[in-house]
Amino acid sequence: MRKYIVAGNWKMNKSLPEGIQLAKEVNAAVETAGALKCDVIIAPSFLHLTEVSKVVGKKVSVSAQNCAAEASGAFTGEVSAAMLQSAGIPYTIIGHSERRSYYGDTDAILAKKTGQALANGLKVIFCIGEELSQRDSGKHFDVVKGQLENGLFQLSVNELKNIVIAYEPVWAIGTGRTASSGQAQEVHAFIRKTLADKYGQAAADDVTILYGGSCNENNATELFSQPDIDGGLIGGASLVADKFIKIVTAF
Ligand code: PGA
């Protein structure tokens, strides 16, 4: 069964006390919201993960924003999937466009990171999405397909069960320029078809595909009403508990 998910990507924001405070506020809002249609995830920085985990209850899961491509050893500044697993962190984001563009995370590296995460029992929120020039030249379907083929298609159908895909058009991230629900649905349906061609329709139907890119409390309901949009990966609007909870309850 396909799950709905709303995940907050805090990026490099919040001091440790501020992060704990925000996690407490999100947790309290989720607790009082009653029955939810979606799972809720928050992804603070590595530094915050264990402290934030302590202040959220069962209805809020915690995710890393990245993990190392290697298992262990002389990789200064890196955090391994095994370390995350040992700290009780159930998810990691992999392949965010900021990692791809600022830190040189290629498809090949992302495939290795995904392998590490799955080998250590983590679930992966795997991000894909085209840049503005690629959309303007009509290449967005090819870009997204390539990112899937080169980053994920080494996985077995069983491994795919632990993957959530986030479609985040780079031109919409942090820009206030959201993809229209029609534009997003078109790409989400294409992603599901690409998954179905590789893994079969039943497996593809079970994959949660999130939309990310200036998704906020005002546009979430419209986006989430689309048949292939199963929730959101939220940046800016996840940093304010009131806004984030409105997105969580937007289904
Ligand atoms: P945004 O970020 O909601 O601030 O556009 C989304 C993301 O990068 O995950």
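Quick notes
- Diffusion constant of region 25-128 at 37 °C, which comes from Stokes-Einstein with the Kirkwood Cα-pair radius and 0.692 mPa s, µm²/s: 228 µm²/s
- Just so you know, the Cα atoms of region 187-251 work out to an Rg and Dmax of 13.2, 40 Å.
- Only Lys, Arg (+1) and Asp, Glu (-1) charged, at Cβ; the chain dipole about Cα centre in debye: 380 debye
- Cβ charges +1 (Lys, Arg) and -1 (Asp, Glu), total dipole of region 80-140, debye: 200 debye
- Rg/Rh ratio calculated on Cα atoms of the chain (Kirkwood radius): 0.94
- Positive-end extreme of charge dipole, the chain - chosen from Val60, Asn218, Gly235 (charges on Cβ): Val60
- Distance histogram in 10 Å bins (all Cα pairs of region 131-205, percent per bin): 17, 51, 26, 6
Rule-based calculations on the coordinates, nothing more; no lab input. Computed from a predicted model, the values in this text were never measured in an experiment. Every residue, glycine as well, gets a Cβ built from its backbone with ideal geometry; the counts of neighbours run over all protein chains shown.
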